[in-house]
Structures are given as C-alpha cells and as structure tokens.
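What follows is a short report on a single structure.
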Amino acid sequence: MEKKSTDSLCNPEFIQEIKQIVTHARQTAYAAINSAMVEAYWQLGKRIVEEEQHGKERAGYGKQLVKMLSEELTAEFGKGFSVPSLYNYRLFYLTFPGIFSTPWRILTWSHYKRLLTVTKEEARTWYLKEAAEQMWSYRTLDRNIGSQYYERLLLSQHKENVTDRKAAITGLFEPDTDKMAFIKNPTVAEFIGLAPNGDFSESDLESAIIGNLQRFLLELGKGFSFVARQKLIRTEKRDYFIDLVFYNYILKSFVLIDLKTSTITHQDVGQMDMYVRIYDERVRGEGDNPTIGIVLCSETDEDLARYSVLHHSDRLFASKYMLYMPTESELRQEIERQKAFFRLQHNHPERRG
C-alpha cells in the first residue's frame with residue numbers, strides 16, 4: 001500500500017485557516033488580559049483615592065499609604081507596583097473617572113500612560129477618541145502627541161471651537177463646513193528620510209513620500225486614501241500632471257497635492273487653482289464634494305496668504321513640511337507662525353484711508 005506524503009495531506013488553505021484560528025485566539029486572550037489589567041489599575045487608583053479621602057485629616061497619610069501599599073503588593077505580586085506606578089494608577093482614575101462606561105477602554109495601559117502626559121483636557125480627550133476609533137498603536141499615539149498633531153490642525157485657530165467640550169469629544173468639527181479640520185500645518189515628515197538641508201528634487205520628495213505612504217497617510221490626517229501619483233488630466237490644449245492625488249472619504253472630496261522644495265510662489269498658487277478647477281470639471285464624480293488643493297512647500301509666504309487667490313479660499317491651502325522632528329519649543333514656534341499665516345489667509349486685511 002502506497003504511503004501518502006505529508007505534503008499531500010497538508011492543504012495550504014487548511015493550514016492557513018488553522019494559523020488564523022490560533023492567531024485570533026492569542027489576540028483575543030491578549031486583549032482580554034489587557035482589558036482586565038487596565039481595569040485593575042483603574043480600580044487600584046480609585047481605592048487609593050477613596051482611602052486617602054478617609055484619612056485626609058492625617059498629615060502625609062496619602063504618601064505613607066502609597067509607600068506601604070507598594071511594599072505589600074511588590075512582595076506579593078512582584079513588579080508593577082512601585083510607588084511611581086501606584087501614583088500613575090491614582091492619576092489614571094482621577095483623569096478618567098468614567099472611562100469604563102465608554103468604548104475607549106479597549107486601549108492598552110501604555111496608551112493611557114502616554115495620555116496622562118497631555119496636560120490640556122480638550123487635547124487629551126481628542127487624542128483618546130482618535131486613538132480608540134482609528135486603532136492607533138502606541139507608537140502612533142506617541143508620535144502624534146509628540147508632534148502636536150492636535151495643535152497643528154488649522155481649525156485650532158478658532159479658540160472658541162477648540163475649548164468647546166462637545167466639539168472635542170465628537171471629533172472636532174463637522175467636515176461639511178470645516179474642511180480645515182483635516183489639514184495640519186506644518187506637516188512633520190521626518191519619517192521619509194530626506195536630510196533637511198540636503199539637495200533633493202521634487203521628484204525625490206515625491207518618491208520618498210510614496211515609499212513611506214502608510215505613515216504619510218497617518219500624518220495627513222483622518223479619512224485619507226491614496227489615489228494616484230503623477231495623475232494625468234487632459235484638456236483640449238494639453239496634458240497636466242498632478243504630483244499626488246488622495247481621496248478623503250469623510251469629506252467626500254479629492255485632495256490634490258503639489259510638492260515644492262522651495263518657498264511657495266504665486267505661480268504655484270495659480271497652478272494649483274487651475275488644477276482644482278480642471279479636476280472638478282473633468283474628474284470629480286457625482287456625489288463628490290468640490291476638490292481641495294494643497295501646495296506642500298518648504299516655506300509659506302504671508303503676502304500670498306493676504307493677496308493671492310489663497311485669500312479667503314476654503315479649497316486652496318499652503319502647508320509647510322518639516323523633514324525633521326523638531327523640539328517641542330521649535331514646533332510650538334512654528335505652529336504660531338503658521339497660525340499667523342492662517343489668519344492672513346482667512347481674514348480681510350484692515351483697510352486704510
């Protein structure tokens with residue numbers, strides 16, 4: 001009797017299905033363990049706060065309590081219960097008192113620990129919601145907080161909106177009326193690997209972005225998908241090529257990006273204005289909202305914000321890119337400069353005489 005080979009018995013689809021079952025089981029187990037530990041840390045923080053309140057008449061009671069608790073728990077359970085860790089659990093409860101009545105509990109302890117470093121409540125709430133809804137990894141959340149993602153949204157210029165608790169919790173602003181909530185300035189693109197002071201062409205910049213497309217999409221913001229590189233659009237007179245085309249499924253708009261390795265010029269603005277008009281007429285489909293154009297440049301220009309077709313346009317934008325991750329102070333200064341650029345673009349200059 002002929003013996004069947006092992007290979008003939010191992011259907012590749014069957015093996016793959018088994019692997020998926022094991023992978024899913026491990027992921028489910030990890031998620032369950034993570035959820036249980038996050039809840040345990042929150043409960044620990046809650047009980048510490050309650051016990052402190054009971055003994056608040058005793059000077060230094062809270063400090064003594066945490067130290068004693070740390071010694072007891074470490075002796076019983078090992079690592080994870082140092083004095084700094086217990087203070088973090090306490091802060092976790094005080095910062096997120098109602099977290100377990102929301103879907104945000106799916107995040108890991110590492111996520112929450114990073115969120116505790118965000119001092120502004122409206123920003124912390126926004127990062128929390130986005131991390132849960134967009135399933136950000138810890139590394140993505142860490143980078144977005146470090147690069148001040150929230151602060152770089154152009155719509156953050158409107159102070160009354162940013163401090164509106166409801167707006168922060170529901171995802172900032174309505175996309176139909178506030179397209180700028182999806183565009184950050186400056187764009188921090190250190191991950192594409194080009195030297196800030198290096199000599200590179202627009203083609204090099206485009207290739208570097210395409211080579212890091214997934215991370216670039218995350219940097220662009222929520223709802224973006226890639227459509228084309230060097231997109232051809234034709235008129236009766238000639239052919240035109242747009243560097244990068246994306247589609248934002250939340251805005252229901254095509255987003256055109258023209259790359260410039262120098263300070264933006266009025267020719268760049270005029271060219272993008274033309275691209276947007278042609279795209280609307282010849283490519284945009286029924287049900288799509290008007291096309292948006294972004295000139296991604298090494299430096300913006302205040303005169304163009306005030307006097308070119310950028311002024312008062314809700315479809316044309318200039319955004320500065322940075323090829324390195326700046327310090328918090330440097331980034332804050334750059335955000336303020338771009339805020340000034342934004343105000344010039346979207347407010348009438350004061351008339352004299």
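Is it the case that VAL295 is part of a helix (DSSP H, G or I) and modelled with pLDDT of 90 or more? If you could, list the steps in order and put the result at the bottom.
Values: part of a helix (DSSP H, G or I): no; modelled with pLDDT of 90 or more: yes.
Spelling it out, it is not the case that VAL295 is part of a helix (DSSP H, G or I) and modelled with pLDDT of 90 or more.
How many residues are on the phi < 0 side of the Ramachandran plot and either of a type in the set (Val, Ile, Thr) or surrounded by fewer than 16 Cβ atoms within 10 Å (Cβ to Cβ) (or both) when one looks only at the range 250-270?
At the first step, the residues of the range 250-270 found to be on the phi < 0 side of the Ramachandran plot are 250-251, 253-270.
Keeping just the survivors that are either of a type in the set (Val, Ile, Thr) or surrounded by fewer than 16 Cβ atoms within 10 Å (Cβ to Cβ) (or both) gives 250, 255, 257, 261-267, 269-270.
Residues that pass the stated criteria total 12.
May I ask you to list the residues in the range 198-217 that are polar (S, T, N, Q) and either crowded, with 16+ Cβ neighbours inside 10 Å or under 16 Å from the mean Cα position of the chain (by Cα) (or both)?
To start, the set of residues in the range 198-217 that are polar (S, T, N, Q) comprises 201, 203, 207, 212, 214.
Residues satisfying the conditions are ASN212, GLN214.
Does ALA123 fit the bill of being in a helix (DSSP H, G or I), more than 16 Å from MET325 (Cβ to Cβ) and modelled with pLDDT of 90 or more? Before the answer, list the steps.
Details: in a helix (DSSP H, G or I): yes; more than 16 Å from MET325 (Cβ to Cβ): yes; modelled with pLDDT of 90 or more: yes.
For ALA123, the condition - in a helix (DSSP H, G or I), more than 16 Å from MET325 (Cβ to Cβ) and modelled with pLDDT of 90 or more - is met.
Can you tell me which residue within the range 218-249, out of those that are more than 23 Å from the chain's Cα centre (by Cα) and among the polar types (S, T, N, Q), is most open to solvent (accessible area, probe 1.4 Å)?
GLN230
Give GLY293, GLY270, GLY287 a once-over and let me know the one that is closer than 18 Å to PRO186 by Cβ and without any contact (Cβ under 8 Å) to a residue 60 or more places away in the chain.
Details: GLY270 fails: closer than 18 Å to PRO186 by Cβ; GLY287 fails: closer than 18 Å to PRO186 by Cβ.
Exactly one residue qualifies, and that residue is GLY293.
Can you confirm whether SER319 is under 18 Å from LYS184 (Cβ atoms), of a type outside the set (A, V, I, L, M, F, W, C) and surrounded by 14 or more Cβ atoms within 10 Å (Cβ to Cβ)?
Values: under 18 Å from LYS184 (Cβ atoms): yes; of a type outside the set (A, V, I, L, M, F, W, C): yes; surrounded by 14 or more Cβ atoms within 10 Å (Cβ to Cβ): yes.
When the stated conditions are applied, SER319 passes them.
Please state which of the following conditions MET322 fails to meet, knowing it meets all the rest: (1) free of Cβ contacts under 8 Å to residues at least 24 places away in the same chain; (2) within 23 Å of the chain's Cα centre (by Cα).
Condition not satisfied by MET322: (1).
If you scan the range 176-197, which residues turn out to be open to solvent by 30 Å² or more (accessible area, probe 1.4 Å) and either touching a Ser or Thr at 6+ places or on another chain (Cβ under 7 Å) or at pLDDT below 60 (or both)?
First, pick out the residues of the range 176-197 that are open to solvent by 30 Å² or more (accessible area, probe 1.4 Å): 176-179, 190, 193-197.
Scanning the range 176-197 gives ASP176, THR177, ASP178.
With the requirement that a residue be surrounded by 17 or more Cβ atoms within 10 Å (Cβ to Cβ), farther than 16 Å from LEU153 by Cβ and within 22 Å of the chain's Cα centre (by Cα), what does the range 327-350 give you?
Passing the criteria: none in range.
Any idea how many residues of the range 207-225 are touching a helix residue (DSSP H, G or I) at 6+ places or on another chain (Cβ under 6 Å) and either polar (S, T, N, Q) or at negative phi (or both)?
Number of matching residues: 6.
Can you tell me how many residues within the range 259-292 are in contact with a Phe, Trp or Tyr (Cβ under 8 Å, 6 or more places away or on another chain) and assigned to a strand (DSSP E or B)?
The qualifying residues number 2.
The values are calculated or read from the model by the stated rules, or taken from the named source; none is laboratory data. Everything quoted here is computed from the prediction, not taken from an experiment. In this analysis, Cβ positions are derived from the backbone assuming ideal geometry, glycine residues included, and neighbour counts consider all displayed protein chains. Protein only, heavy atoms only, side chains kept; ligands, DNA and RNA dropped before computing areas. Shrake-Rupley method; radii C 1.70, N 1.55, O 1.52, S 1.80 Å.
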